[in-house]
Amino acid sequence: MNSSFLPSIETGRAAVGPSILSADFTRLEAEVRAVEEAGADFHHIDVMDGHFVPNITFGPMIVEAIARLATRPLVTHLMISDPGAWAVKFAEAGSALVSFHFEAVGEGHEKIVDALHGAGRRAGLAINPDTPLERVRHLLGSLDLLLLMTVFPGFGGQSFMGEVVPKIAEAAALKRSAGYRYLIEVDGGINPRTAELVRGAGGECLVAGTAVYRSPDYASAIAAIRG
Ligand code: DX5
Ligand code: ZN
């Protein structure tokens, strides 16, 4: 599967995905529509189970509700201990792509990727700031997206970890040299300033929670992150 679900990337522009985690959940419909009108390319959907990370968000029911409202793809980020049991359910709830954490499972990553592909959806793999690319090297050829965390997952509003920038560049170089198709998504602490570093290193899908949903003007925040 190619990247055509995010057309901006084919034209050489970074795609920006506001993270729903920072939205005002009392006004979810208005928030989803507002970021789309402001130019969001996708919605980043943060799912936490209170076990893989010390926070709980929501399950497939809410994803399904967001999918009914959204006209942009849902790119789901599972921060859960048992993605093998849940990935396809979140895909069927309306995610265009589901990412799960490499660190959540000891083995059987390929099976989860295959199950997502079997369900006709795209598959992504997320890695924490301290997981080297080398550890997931054997999986890269099968992925539609590689999600590089620039904070430790669990909460919005944390500071960008600049030490991950070389890993973004490494993922971009490897993609070019090996001909991999994965999109490079970067998540955590992204604002107009850190976005410039991410884009410069080869980040293609930029996630921003606080910097979009907590800004007074979603359109200028998204434009500034896109650069
Ligand atoms: C962290 C989440 C991120 C986070 C981004 O656990 O995966 O998507 O919500 O929020 P900001 O942009 O505020 O760091
Ligand atoms: Zn996320």
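Here are some notes:
- Region 1-124 shape via C-alpha gyration tensor axes, a/c threshold 1.5: oblate
- Other-chain or far-sequence residues with amide H under 5 Å of A126's (modelled H): F100, H101, F102, L147
- Packing-based ranking, highest mean first, of 12-20, 56-64 given that Cβ atoms within 10 Å are counted: 12-20, 56-64
- Taking the accessible area of region 109-226, probe 1.4 Å, and keeping the other protein chains in place, the carbon and sulfur fraction comes to 52%.
- Rounded Å value of the spacing that divides the Cα centres of region 10-59 and region 188-212: 14 Å
- Mean projected area in nm² (Cα convex hull; one quarter of hull surface) for region 148-211: 4.0 nm²
- V105 versus Q158: modelled label distance in nm, points set 7 Å from Cα along the beta carbon direction: 2.3 nm
- Surface per residue (accessible, 1.4 Å probe) for region 7-226, Å²: 41 Å²
- With each label modelled as a point 7 angstrom along the Cα→C-beta vector, the M61-D24 pair spans 2.5 nm.
- Contour excess over end-to-end distance, with Cα ends at H117 and L69 and 0.36 nm allotted per residue: 14.9 nm
- 3J(HN,Hα) along region 140-147: 4, x, 9, 8, 8, 7, 10, 9 Hz, from the Karplus curve 6.51 cos²θ - 1.76 cosθ + 1.60 with θ = phi - 60°, whole Hz, x for Gly and Pro.
- One decimal place: the segment R13-D82 gains 21.4 nm when fully extended, by the rule 0.36 nm per residue minus the C-alpha distance.
- Theoretical FRET efficiency, 1/(1+(r/R0)^6), r = Cβ-Cβ of E196 and H138, R0 41 Å, to 0.05: 0.80
- Scattering profile of the chain at q = 0.08, 0.17 Å⁻¹ [log10 I(q)/I(0), Debye over alpha-carbon scatterers]: -0.24, -1.24
The values are calculated or read from the model by the stated rules, or taken from the named source; none is laboratory data. Since the model is a prediction, treat every value here as computed from it, not as a measurement. Please note: Cβ atoms are built from the backbone with ideal geometry, for glycine as well, and neighbour counts cover all protein chains shown. Surface areas here come from the heavy atoms of the whole protein model, side chains and all, with no ligands, DNA or RNA. Shrake-Rupley method; radii C 1.70, N 1.55, O 1.52, S 1.80 Å.
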